[in-house]
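What follows is a set of notes on a single structure, which appears directly below.
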Amino acid sequence: MKLPLRIVRDTREQLNCGWMFAEGFDPQPIVTVAKLETGDYSLVGHEQDVVVERKTLQDLVGCLGIGRDRFEREMHRMKGIGAAIVIVESPQSLLRRGKYRGKLLPESAWQSVVSFTCRYRVPFAFCRNAREAERLCFDFLRHYANGFVKKMRAIQKAEGAS
């Protein structure tokens, strides 16, 4: 029997915009709302170990432009976390073609994403839509949890052998 993920959703995530993990997940995750210091989603008890930052395309563009200083501080915090990712709810092609509101040049926006990835060692994953992005978040958190469980089992096995 698989245990459900216990996902933490940051209190600052807007209810009508964020991911709810309401359908199509097996087993159905349990989502709680709590303040996260970094990121928008994590796992209960692992908030300092794994984080997901959710971005719409328009939000990302704002973070690469006028909100850049705040976003850089967020990226710096994410760099110190073992498993972190920025998931964008739009295809990369829309960013690179400038299909957003604002004056930020598309090439500048793209180069900022590449630069942040290199500097902070946090990948950006561009998805086709919000549903695909939500699925990626779930899978990212699930893989982290599975890896953690394997490590704990190995420790228990090693302790049992001694």
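The values are calculated or read from the model by the stated rules, or taken from the named source; none is laboratory data. No experiment lies behind these values; they were computed from the predicted model shown. What goes into the accessible areas is simple: the full protein's heavy atoms, side chains included, and nothing from ligands, DNA or RNA. Shrake-Rupley method; radii C 1.70, N 1.55, O 1.52, S 1.80 Å.
Taking only the alpha-carbon positions of segment 1-44 and ignoring solvent, what does the Debye formula give for the base-10 log of I(q)/I(0) at q = 0.15, 0.27, 0.34 Å⁻¹?
At q = 0.15, 0.27, 0.34 Å⁻¹ the computed log10 ratios are -0.36, -0.98, -1.27.
Compare Lys151, Lys35, Lys99 in a GNM of the chain, Cα atoms joined below 10 Å, and give the one with the largest fluctuation.
Answer for the Gaussian network model of the chain: Lys151.
Sum -39500 (n - 2.57) across every DSSP H segment of at least 4 residues in the chain, then divide by the residue count to get the 222 nm mean residue ellipticity, nearest 500.
Numbers: 5 runs with 72 residues, N = 162.
Roughly -14500 deg cm²/dmol at 222 nm, from the helical runs in the chain.
Quick one: accessible area per residue over the chain, 1.4 Å probe, rounded to a whole number of Å²? List each step's numbers first, then the result.
On the way: 9390 Å² over 162 residues.
Spelled out: the 1.4 Å probe surface of the chain, per residue, equals 58 Å².
Tell me the label only: which of [x] 1.12; [y] 1.07; [z] 0.99 is Cα Rg over 2.2 N^0.38 Å as calculated from this structure?
Here the calculated entry is [x].
What residue among Asp69, Asp49, Asp59 has the largest mean-square fluctuation in a Gaussian network model of the chain, using Cα springs under 10 Å?
Maximum among the listed residues: Asp69.
On the principal axes of its Cα set, how long, how wide and how thick is segment 75-161? Give whole Å, largest value first.
Each principal axis gives a Cα extent; for segment 75-161 these are 62, 28, 15 Å.
Taking Lys103 as the anchor, which lysines have their alpha carbon closer than 29 Å to its alpha carbon, excluding any fewer than eight residues away along the same chain?
Lys55, Lys79
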